Amino acid sequence: MGLTRSQIETLLEENRDHHCEGLGPHKVCVRIEAIAELPSRFGQFQIAAFYNNRDNKEHVAIIHGDVLEAEDVPVRVHSECLTGDVIGSLCCDCRDQLENALRMIGQTERGILLYMRQEGRGIGLINKIRAYALQEQGLDTVEANLALGFRDDEREYSVAAHMLMSLHVRSIRLITNNPNKINDLTQHGIRVTGRIPHVMPPNEYNRFYLETKAVKSGHLIDTFGKIRLPEQADPPQVEGMDEEVLAVIRKYYK
Ligand SMILES: [Zn+2]
Ligand SMILES: [Zn+2]
């Protein structure tokens, strides 16, 4: 059972004139503008669209079940990836991570996926494609990595924290393989009561993670012989993944 009609109306009403001091150094304030049903192949969801006072990014919360005033709500923070999420690109594992999180949340009593419209970890689509091109030209991947690695973490977590507050979530369990991410949200006033490891089942697209030979000279090499750049804030983990591969991956996601 998701949010009821009257809960939705109350939320929209209190958000209509919402203004606050804002979170973090950027004083980010968001408000819910619209909520609708979103049945999906991963389960029954509702979608809440947010306005924020800092940029024109329209972030959304994908909600399953009744999350209002709820404790220990499983929450996943996902950064938008047009090429992976939509096109199914194999240059990254964003789509696998997204699908797995939605499936996981859709099957539990309640949960939220925050879909952050921050393409390429905040550097934008053009810069992300530039980083891909740099790699193709055989350029030092450290450079490409740096280009892609730059991001405004602070802003992302301020927005995410405020979105959770707007939804009256009392406490969360973060779906992540990076325990450091718990601090980011805690610092913005979110009570994190636990962590749920985000372990993906193996499939034909992520199988290379399971093969130790995927790790070469301290890099993670995918099935096309290319070095994988970290695109989500979270190290990928596939069921049965080798400890050696995990260690290499973690290095990228400090
Ligand atoms: Zn606010
Ligand atoms: Zn991606």
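The values are calculated or read from the model by the stated rules, or taken from the named source; none is laboratory data. Remember, predicted model here, so these are calculated numbers, not experimental data. Note that each Cβ is placed from the backbone with ideal geometry, even for glycine, and that neighbours are counted across all protein chains shown. The accessibility values were calculated without ligands, DNA or RNA, using every heavy atom of the protein model including side chains. Shrake-Rupley method; radii C 1.70, N 1.55, O 1.52, S 1.80 Å.
Structural remarks
- Residues Ser40, Ser79, Ser89 ordered from highest to lowest accessible area at a 1.4 Å probe: Ser40, Ser89, Ser79.
- Relative contact order [Cα under 8 Å, 6+ residues apart], the stretch 1-83, whole percent: 25 percent
- For the stretch 1-141, the Rg and Dmax computed from alpha carbons only, in angstrom: 17.2, 57
- Accessible area per residue, Å², the chain with all protein chains present, probe 1.4 Å: 48 Å²
- Spacing of the modelled spin labels on Leu210 and His18, each 7 Å from Cα toward Cβ, amounts to 4.2 nm.
- Averaging the sequence gap over all C-alpha pairs within less than 8 Å and six or more residues apart, then dividing by the number of residues, gives the chain a relative contact order of 18 percent.
- Carbon and sulfur %, accessible surface of the chain computed with the full protein complex present, 1.4 Å: 51 percent
- Arg130-Asp66 pseudo-label distance in nm [points 7 Å out on the Cα-to-Cβ vector]: 5.0 nm
- Secondary-structure-derived ellipticity at 222 nm for the chain, considering helices only, amounts to -9000 deg cm²/dmol, per-run term -39500 (n - 2.57) for DSSP H runs with n ≥ 4.
- Listed values for the stretch 61-67 are Karplus-derived 3J(HN,Hα) couplings in whole Hz (6.51 cos²θ - 1.76 cosθ + 1.60, θ = phi - 60°), namely 10, 9, 10, 10, x, 8, 9, and x replaces Gly and Pro.
- Across Thr223, Thr186, the residue with the most accessible area heads the list, and the full order at a 1.4 Å probe is Thr223, Thr186.
- Shown here are the Rg and Dmax of the Cα trace of the chain, at 18.3, 57 Å.
- List Arg5, Arg207, Arg76, ordered by accessible area with a 1.4 Å probe, largest first: Arg5, Arg207, Arg76
- Among beta bridges that DSSP assigns inside the chain, antiparallel share in %, nearest 5: 60 percent
- Computed with every protein chain present, the accessible area of Lys226 is close to 80 Å² [probe 1.4 Å].
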